[in-house]
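Report on the structure given below.
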Amino acid sequence: MAAPADNASATPLIELVDASIASAQEPEVALVAGVSWRLRPGEYWAVGGLDWAGKSDWLTTVAGLQQPVAGAHFLFGWDTASITEAERVAERLRVGLVFENGGRLFTHMTVAQNLALPLRYHRNCPPEETQEAVEAALAFAGLNDFANQMTSQLNRSWRQRVALARALILQPEVLLLDNPLAGLDPRQTRWWLDTLDALNAGHPLLAGRPLALVATADDLRPWQAHARQFALLQRGRWVDLGGRNDLSASSDTVVLDFLSA
Amino acid sequence: MDKVSAPPARPPLLQSVLALPLPRSYLNFVGRQIFRFLQTVQGLGAFALITLGVTFTKFNSSWRVVHPLIRAQVDRAGVRLLPGIVLLGLALGLVIVGQTVSLLQKIGAGQYAGTVMVTVLIRELGPLATALVVLARVGTAIVVELGLSRAQGEVEALEALGIDPVHYLVMPRVLGLAAAIFSLTVYLILVAVCSGYLFVFLQDVPLMPGDYFGQIARALKWEDFALLGLKTATFGAIIATVTCYQGLAQRLRLEDVSDATTRAVAQSVAGCVLADALFIVVYLLM
């Protein structure tokens, strides 16, 4: 794995400034308040939190799919509250998002069609022109044998892989993952952690460009040896836990509780 | 013996009822219904305007993906419903048109057959019957499929991929249903007119085919063709907009989908009847 670059001075890819995150179900309720956070190129964050801590809502806000109820959200330097919808969509395409629980795939399509749709929509091209990119994404995720199967025929761990391949098909600069290890067996967990390490270091699928990663988790232990920055969403607060060494050395009871969960 | 004072006279029942304040629950109920109605009208209006805006601004963007979806909706709401519409046209022709023409001939008012046919079948019954069939067969399916997509988070997945759900999901359905209801109505009218003559012929009514079709042709004006197209397209747009709105515009849970379908049917019927009333006013003014 490539050593992390010293990029403290680099322009943040995504930034939240004193942001309050609303629940998607109840937009008037702030789940997490006062979040100030920056994602810089090449970083690899693991953000922990128990159920209903607001991880998914935090992640969709980071992705620009919902606006914070207070504070500001910047996407590649743009304040998302003050740009047009078309500009927001253009910036959002630079961010890949893998949803939780099977990745919210389009159930009326095959695996290959799921991967081709974003490419075809944004490039306005016929299916044959996306074939090469789709095949590369299928091979990357080990999905060649499932290309023509309906996504509803796959089990959850394979659907999650399809969601990863779909999120990468537009060659994003940032990848956000919502609890990607939930419910996976150890073998699948290993595949995910190794694959994410490779993407963060620079994978041929993305022309060797390092990908900034943010993953939410309800258990930080698998991420301890992989992510480099850690944080917690705890009782409506954002708690920055620092790097791997800070995490291991922490005597904070909340962190210890969480790591021993 | 002490005199017992008579009890005070009781006020009449109606007066005492009217003197009472209105029960709060009734007021609350009526108020809630009015607010809910206004909210629905506002939501539907905004959704329709957004769809209209997207249709005009994005009709040709990503056309290799979106235009096949429009064709698929025409196939689903038009071509696949054609056998059913032909059957309905046959029934309408035999039951209504044939009987009407036969009756008019018997009472010596045969010269009005064309006018009656145009008014009843082409202006009113044809478009409305077709719209109701499409609503029942396709509109309900739209609410269920979009409601399930919404409940399973597929719509958020589209947004995350930069795909406009109104452009990808709603616009093809609105255009597809508008085109489908127009086409099906034309077929329904043609079949009903022809099968109507079949009934007339079987009843031995002395009416030659040339006279029958000539009467209808003479009763038809150019406004009838224009308004038929406009009306059927409006019905299609109303059904598609309402069903897409009920399926998409709110966050649904799986258990909400059936209620959303019921609401969509009721609102679509109300919308079509209101639009029909507006078209009647237009006809009367012309």
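What the table shows:
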| read-out | value |
| --- | --- |
| Qualifying residues in segment A:61-93 (those that are in contact (Cβ under 8 Å) with a residue 40 or more places away in the chain and facing chain B (nearest Cβ under 10 Å)) - the one farthest from A:LEU170 (Cα to Cα) | A:GLN66 |
| A:ALA8 being away from every other protein chain (no Cβ under 14 Å) and either buried (at least 21 other Cβ atoms within 10 Å of the Cβ) or at pLDDT 90 or above (or both) | no |
| Of the criteria (1) at pLDDT below 95; (2) in contact with a helix residue (DSSP H, G or I) (Cβ under 9 Å, 6 or more places away or on another chain); (3) closer than 30 Å to A:PRO127 by Cβ, which one A:LEU175 fails | (1) |
| Some residue of segment B:91-109 being within 14 Å of chain A (Cβ to nearest Cβ) and in a helix (DSSP H, G or I) | no |
| Segment B:162-184, subset more than 14 Å from every other protein chain (Cβ to nearest Cβ) and among the β-branched types (Val, Ile, Thr), residue surrounded by the most Cβ atoms within 10 Å (Cβ to Cβ) | B:ILE181 |
| Members of segment A:118-159 that are of a type in the set (A, V, I, L, M) and farther than 23 Å from A:THR195 by Cα | A:MET150 |
| Criterion violated by A:THR130 - all others in (1) more than 9 Å from every other protein chain (Cβ to nearest Cβ); (2) out of contact with any Leu (no Cβ under 9 Å at 6 or more places or on another chain) satisfied | (2) |
| Test result for B:TYR187, modelled with pLDDT of 95 or more, more than 14 Å from chain A (Cβ to nearest Cβ) and farther than 23 Å from B:GLU124 by Cα | no |
| Evaluation of B:VAL116 against (1) under 11 Å from B:GLN215 (Cβ atoms); (2) at pLDDT 85 or above (one fails), failing number | (2) |
| Pair list, Cβ < 8 Å and 6+ apart or interchain, from segment A:125-139 residues that are modelled with pLDDT under 95 to residues that are exposed (fewer than 15 other Cβ atoms within 10 Å of the Cβ) | A:CYS125/B:ARG64; A:PRO126/B:ARG64 |
| Selection from segment A:71-89 of residues that are within 15 Å of B:GLY162 (Cβ to Cβ) and crowded, with 16+ Cβ neighbours inside 10 Å | A:LEU75, A:PHE76, A:THR80, A:ARG88, A:VAL89 |
| Spans of strands (runs of 3 or more DSSP E) in segment A:168-261 with at least 2 residues buried (at least 22 other Cβ atoms within 10 Å of the Cβ) | A:174-177, A:212-217, A:229-234 |
| Matching option when the condition is exposed (fewer than 14 other Cβ atoms within 10 Å of the Cβ), in a helix (DSSP H, G or I) and not aromatic (Phe, Trp, Tyr), among B:ARG76, B:ARG36, B:ARG64 | B:ARG36 |
| Those residues of segment A:32-62 which are out of contact with any His (no Cβ under 8 Å at 6 or more places or on another chain) and aliphatic (A, V, I, L, M), in sequence order | A:VAL32, A:ALA33, A:VAL35, A:LEU39, A:VAL47, A:LEU50, A:ALA53, A:LEU59 |
| Yes/no for A:GLU26 being under 26 Å from B:HIS67 (Cβ atoms) and either within 10 Å of another protein chain (Cβ to nearest Cβ) or out of contact with any strand residue (DSSP E or B) (no Cβ under 8 Å at 6 or more places or on another chain) (or both) | no |
| Meets criteria (surrounded by 18 or more Cβ atoms within 10 Å (Cβ to Cβ), of a type outside the set (Ser, Thr, Tyr) and assigned to a helix (DSSP H, G or I)) for B:LEU274 | no |
| Positions within segment A:135-159 being within 14 Å of chain B (Cβ to nearest Cβ), out of contact with any Gly (no Cβ under 6 Å at 6 or more places or on another chain) and surrounded by 19 or more Cβ atoms within 10 Å (Cβ to Cβ), in sequence order | A:ALA137, A:THR151 |
| Segment A:96-119 - residue that is more than 8 Å from every other protein chain (Cβ to nearest Cβ) and among the aliphatic types (A, V, I, L, M) and, of those, farthest from the chain's Cα centre (by Cα) | A:MET109 |
| Residue pairs meeting the criteria (Cβ under 7 Å; at least 6 apart or on separate chains; first under 21 Å from B:VAL265 (Cα atoms), in segment B:44-57; second not hydroxyl-bearing (Ser, Thr, Tyr)) | B:LEU44/B:VAL242; B:PHE47/B:ALA249; B:THR51/B:VAL166; B:THR51/B:VAL170; B:THR51/B:MET171; B:THR51/B:VAL174 |
| Among residues of segment B:212-239, those that are of a type in the set (Lys, Arg) and free of Cβ contacts under 8 Å to residues at least 24 places away in the same chain, counted | 1 |
| Some residue of segment A:166-179 being of a type in the set (Asp, Glu), under 22 Å from A:ALA215 (Cα atoms) and within 11 Å of chain B (Cβ to nearest Cβ) | yes |
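Conditions (1) hydrophobic (A, V, I, L, M, F, W, C); (2) within 10 Å of B:VAL144 (Cα to Cα), marked per residue:
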residue: B:ALA240; (1), (2): yes, no
residue: B:TYR245; (1), (2): no, no
residue: B:LEU252; (1), (2): yes, no
residue: B:SER258; (1), (2): no, yes
residue: B:CYS272; (1), (2): yes, no
residue: B:ALA277; (1), (2): yes, no
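One line per residue, one yes/no per condition, for (1) under 15 Å from B:LEU121 (Cβ atoms); (2) within 18 Å of the chain's Cα centre (by Cα):
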{"residue": "B:ASP204", "(1), (2)": "no, no"}
{"residue": "B:ALA217", "(1), (2)": "yes, no"}
{"residue": "B:VAL242", "(1), (2)": "no, yes"}
{"residue": "B:VAL269", "(1), (2)": "no, yes"}
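The values are calculated or read from the model by the stated rules, or taken from the named source; none is laboratory data. Everything numeric here is computed off the predicted structure, so don't read it as measured data. As a convention, Cβ positions derive from the backbone with ideal geometry for all residues, glycine included, and neighbour counts pool all protein chains shown.
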